[in-house]
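*Asks:* Here it is: the structure, laid out below.
Quick note: the coordinates plus some simple rules give every number you see, no bench work behind them. Given the structure is predicted, the values throughout are model-derived calculations rather than measurements. Neighbour counts run over all protein chains shown; Cβ positions are idealised from the backbone, glycine included.
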Amino acid sequence: MSETNTLTIAALFERVEAIFLKAGLNAVQAGALARVIVAGERDACKSHGVYRIEGALRTVKAGKVKPDAVPALDAGEGSAIVKVDAKGGFANPAFELGLPVLAERARSLGIAALVINDCTHFSALWPEVEGLTGEGLAGLVMCPSYATVAPTGGNKPLLGTNPFAFGWPRQNKPPYVFDFATSVAARGEIELHRRAGKPLPEGWAIDAEGNPTTDPDAALAGAMLPFGGHKGSAIGTMVELLAGIMIGDLTSPEVLDYLGTTTLAPFHGELIVAFSPEKFAAGRPGNPFARAEILFEAIVGQGARLPSQRRFVARAKSEAEGVVLNTAEIEQLERLLALGLDAVA
Ligand code: NDP
Ligand code: PYC
């Protein structure tokens, strides 16, 4: 069994931010990236935690993301569509820049969208969703990735793992949030199985000949499968349409053409839609937040758990006791800090 080490959330943030600064990212990029990666570890979401630092640095080194980008906001006077040009940098600082205007517009118009263009996105989407619920808004967030998923009935990578997330704010309770890949599992999970030498569960992937496989290497060379068969395939396609084509940005097959590899973080756009439940429910009976609580209680009352509940439990534990990393992870952080971009191929 590997040894473990416990760091406070603040100490982990300092280390991760220092790694990005050492690798040449400006303060706005380094801070935003460190926040989402540390949030992933804090919430026990290993597929988008510290393991992602290396991929982000590889993408910088390959010249496919601009480490010194300063995102630019186009608030479009009173428009329901707010745009941020990430200027070839990461999506996370672009979201942080756009969120206050998006929230203000959604509150005044009832609905508003934030379009992020020309960004690299490697993280989970719940940080964006929780940004919205923290403003008392409901929200939908989605983005393409790169062609790694075969549409149902097909046998070649075409769609991305295209994450899709939703949030609903709750008073004095963590929000209702779900956030998942539209493939059976995120690609990060396949990579983590490969690194751990573990077979994949059945039904996650097919090999390059289109046969079912539980071998992570064969899966990475073949294609992943959409969740829920034709339903996940259609939702993944919707993400390509809304968060790729509709916002004038790349689709997953175009991203793969542009990058030529899935070992770098994908470059595309992101769509964030914010709703004001009060505005939508105005003039109708009942308070939407109180009615939502009745629904949540009924779900939990059947013994089911709400999505993100596991994450919020993990968060509370990390906040009380710190974040646990194994020795290999600590050594990797030290190596990345010492060597900067020389640490990655
Ligand atoms: P999971 O299947 O691990 O989880 C999906 C969601 O379902 C979570 O909100 C989870 O909550 C919830 N959930 C899981 N089990 C249950 C249950 N029994 N009852 C109720 N809710 C449940 O996610 P994926 O592997 O599909 O995706 C992982 C992450 O990868 C996501 O954050 C996604 O955004 C990210 N991703 C990012 C991509 C990108 O291009 N940037 C591409 C693809 C994925 P909980 O966390 O509490 O378990
Ligand atoms: O885990 O599928 C994934 C993923 C792709 C891009 C970023 N994360």
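*Asks:* Rounding to the nearest 20 debye, state how big the charge dipole of the chain is about its Cα centre with +1 on each Lys and Arg Cβ and -1 on each Asp and Glu Cβ.
*Replies:* Computed charge dipole of the chain: roughly 560 debye.
*Asks:* Could you give the alpha-carbon Rg of segment 175-251 over 2.2 N^0.38 Å, rounded to two decimals?
*Replies:* Computed over Cα atoms of segment 175-251, the ratio equals 1.22.
*Asks:* Using the Cα centre of the chain as origin and beta-carbon charges of +1 (Lys, Arg) and -1 (Asp, Glu), tell me which of Leu341, His268, Val177 is placed farthest towards the positive end of the dipole.
*Replies:* In the chain, that residue is Val177.
*Asks:* Using 0.36 nm times the number of residues separating Ile299 and Thr261, minus their current alpha carbon distance, what extension gain do you get?
*Replies:* Fully extending the segment from Ile299 to Thr261 adds 9.5 nm.
*Asks:* Which of the lysines could a cross-linker bridge to Lys156, judged by Cα under 19 Å and excluding same-chain residues fewer than eight apart?
*Replies:* Lys231
*Asks:* Let me know the charge dipole size of segment 50-206 about its Cα centre in debye, to the nearest 20, where only the beta-carbon of Lys, Arg (+1) and Asp, Glu (-1) is charged.
*Replies:* 500 debye
*Asks:* On full extension of the chain, what length is gained from Glu278 through Asn26, given 0.36 nm per residue of separation minus the C-alpha to C-alpha distance?
*Replies:* 86.8 nm
*Asks:* Right, something else. For the pair Phe178/Asp217, report the inter-label distance in nm, with labels modelled 7 Å from Cα in the Cβ direction.
*Replies:* That separation, rounded to one decimal, is 3.6 nm.
*Asks:* Let me ask you something else. Along segment 223-236, what does the Karplus equation 6.51 cos²θ - 1.76 cosθ + 1.60 (θ = phi - 60°) give for ³J(HN,Hα), rounded to whole Hz, x for Gly and Pro?
*Replies:* In residue order, the calculated couplings are 9, 8, 10, x, 6, x, x, 5, 6, x, 4, 6, 5, x Hz.
*Asks:* Evaluate the charge dipole of segment 195-332 about its Cα centre and quote only its size in Debye, nearest 20, assuming +1 on the Cβ of each Lys and Arg and -1 on the Cβ of each Asp and Glu.
*Replies:* So the magnitude is around 800 debye.
*Asks:* Then there is this: Compare the Cα positions of Met238, Leu137, Ile190 along the charge dipole of the chain (+1 at Cβ of Lys, Arg; -1 at Cβ of Asp, Glu; about the Cα centre) and return the one farthest towards the positive end.
*Replies:* Farthest towards the positive pole: Leu137.
*Asks:* Over all distinct alpha-carbon pairs, what is the Kirkwood Rh of the chain in angstrom?
*Replies:* One over the average 1/r among Cα pairs gives 20.8 Å for the chain.
*Asks:* Still on this structure, please answer the following. Taking the Cα centre of the chain as the origin and placing charges on Cβ (Lys, Arg +1; Asp, Glu -1), which of Leu25, Val313, Gly76 is farthest toward the positive end of the dipole?
*Replies:* The one lying farthest along the dipole's positive direction is Val313.
*Asks:* Here's a follow-up. Distance from the Cα centre of segment 252-310 to that of segment 34-93, in angstrom?
*Replies:* Cα centroid to Cα centroid, the span is 19 Å.
*Asks:* Across segment 325-336, in residue order, what do the Karplus-derived ³J(HN,Hα) couplings come to in whole Hz, using 6.51 cos²θ - 1.76 cosθ + 1.60 with θ = phi - 60° and x for Gly and Pro?
*Replies:* Per-residue couplings from phi come out as 10, 7, 4, 4, 5, 4, 5, 5, 4, 5, 5, 5 Hz.
*Asks:* How big is D for segment 122-163, in µm² s⁻¹ as a whole number, if Stokes-Einstein is applied with the Kirkwood radius of its Cα pairs at 4 °C and 1.567 mPa s?
*Replies:* Roughly 109 µm²/s, to the nearest whole number.
*Asks:* Pick from Gly167, Gly98, Gly154: which residue has the top mean-square fluctuation in a GNM of the chain where Cα pairs under 10 Å get a spring?
*Replies:* Gly154
*Asks:* While we're on this one: Taking K and R as +1 and D and E as -1, what net charge do the other residues with C-beta under 10 Å from the C-beta of Ala328 add up to?
*Replies:* -2
*Asks:* Counting other C-beta atoms within 10 Å, which of Tyr51, Tyr146, Tyr258 has the fewest, and how do the rest follow?
*Replies:* Starting with the residue having the fewest Cβ neighbours, the order is Tyr258, Tyr51, Tyr146.
*Asks:* Still on this model: Given 4 °C and 1.567 mPa s, how large is the Stokes-Einstein diffusion coefficient of segment 100-193 in µm²/s, with Rh as the Kirkwood radius over Cα pairs?
*Replies:* In µm²/s, the coefficient is 88.
*Asks:* Glu14 to His230: extension gain in nm, 0.36 nm per residue of separation minus the Cα-Cα distance?
*Replies:* Between Glu14 and His230, full extension yields an extra 73.4 nm.
*Asks:* Going by C-beta contacts inside 10 Å, put Phe20, Phe275, Phe296 in order with the fewest on the left.
*Replies:* Fewest-to-most ranking of Phe20, Phe275, Phe296: Phe296, Phe275, Phe20.
*Asks:* Okay, next question. Can you sort Val324, Val60 so the residue with the fewest Cβ neighbours within 10 Å comes first?
*Replies:* Val324, Val60
*Asks:* Under a plain spin-label model, where a point goes 7 Å from the Cα along Cα-to-Cβ, how far apart in nm are Ala345 and Asn155?
*Replies:* 2.9 nm
*Asks:* Continuing with the same structure: On alpha-carbon atoms, Rg over Rh for segment 271-334 using Kirkwood Rh?
*Replies:* In segment 271-334, Rg relative to Rh is 1.22.
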